[in-house]
Structures are given as C-alpha cells and as structure tokens.
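The values are calculated or read from the model by the stated rules, or taken from the named source; none is laboratory data. Just so it is clear, the model here is predicted, and its values are computed rather than measured. Positions of Cβ are backbone-derived with ideal geometry, glycine not excepted, and every protein chain shown enters the neighbour counts. Surface areas here come from the heavy atoms of the whole protein model, side chains and all, with no ligands, DNA or RNA. Shrake-Rupley method; radii C 1.70, N 1.55, O 1.52, S 1.80 Å.
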Amino acid sequence: MRALVLLLALLPGAALAGGLGAARTLPAGSVIGAGDLTVIDTDRPGLTDPSAAIGMQTRITIYEGRPLHANMLQPPRVVGRNQIVRLSFRRGALQIDTEGRALSDGAAGDMIRVMNMGSRSTVTAQVMPDGTLAVMN
C-alpha cells in the first residue's frame, strides 16, 4: 500500500488540484467577469476564489486555460494617463473645480500627479470611483 501511495505521488499529474483559469483569452486591460473564469486542474498554485478575480483588471494577456495568479491582476483603472479629468478642491465652504491632465493611470483610491490645465502647476490628487480627482494639496 505504501508503494502505491508513493507511486501515485511521483506520477506526473497525480497531484492535480482545482484552481481558476481563463475561460477565454483575456487581453491585457480586460476587466474580469464571472463568465471569464473556469475551474481547471493544475498543479501550479494560483487563485481558487472567484471573488478575488471578478472585477479586477488583467495586467497582461492571459491565455485560455491558463491558471490565474494574483500578480496578473490589478484594481481596474478609472483614469488613464494623459486623460483630461475634473479636479475638485474643497476646504470648508470653498469648492474649486477645474480641468487637469492625469500624468499617470489610476484606480479608485490611488494618489496620482495631475497637471492643472489653467495654471500649468502639478498637484497630487486622489482618484474617486466616478473618475473625478480630489486635490490633496
């Protein structure tokens, strides 16, 4: 019996476990939905919980049937580099809204640098879920 267990452990594919894989080829920048995932047999470690992948954006192209790993995913980008965005500054009753140009990509909650289009000065702003930016300085 011990020999059988040892033999099974040494056979290729004998230790397969379930994991999440791509149900289709997902290009870089794709936001993952439930239909983009499938359960695959793999001996490679990877994601097993669909909630860790659904709603995330791919950093790289993930080919059909490949296992998903956390380092392949990122929070979805709300603002793209060089995108014209609305900047909002609020202090007490004072609120100033203007246009700016994002100097980098940003997901909701990220702090990014933005050039104020009116003054040409660079400010740090937080990306809001709706794509606006709240000026922090």
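Each peptide in 64-71, 18-25 was scored by the mean count of other Cβ atoms within 10 Å over its residues; highest first, the order is 18-25, 64-71.
Shape summary of the chain, radius of gyration then Dmax from alpha carbon positions: 22.2, 79 Å.
For the chain, what does -39500 (n - 2.57) per DSSP helix run (n ≥ 4), summed and divided by total residues, give at 222 nm, in deg cm²/dmol to the nearest 500? Taken over the chain, the calculation gives -2000 deg cm²/dmol.
Per residue, the chain exposes 62 Å² of accessible surface when a 1.4 Å probe is rolled over the protein heavy atoms with every protein chain present. Summary of packing: across the peptides 44-54, 96-106, the per-residue average of other C-beta atoms within 10 Å ranks them, highest first, as 96-106, 44-54. Measuring nothing but how far apart in sequence close Cα pairs (under 8 Å, 6+ apart) lie, relative to its length, region 76-125 scores a relative contact order of 32 percent.
Remark: the residue 34-residue 126 segment gains 30.2 nm on full extension, using 0.36 nm per residue and subtracting the alpha carbon distance.
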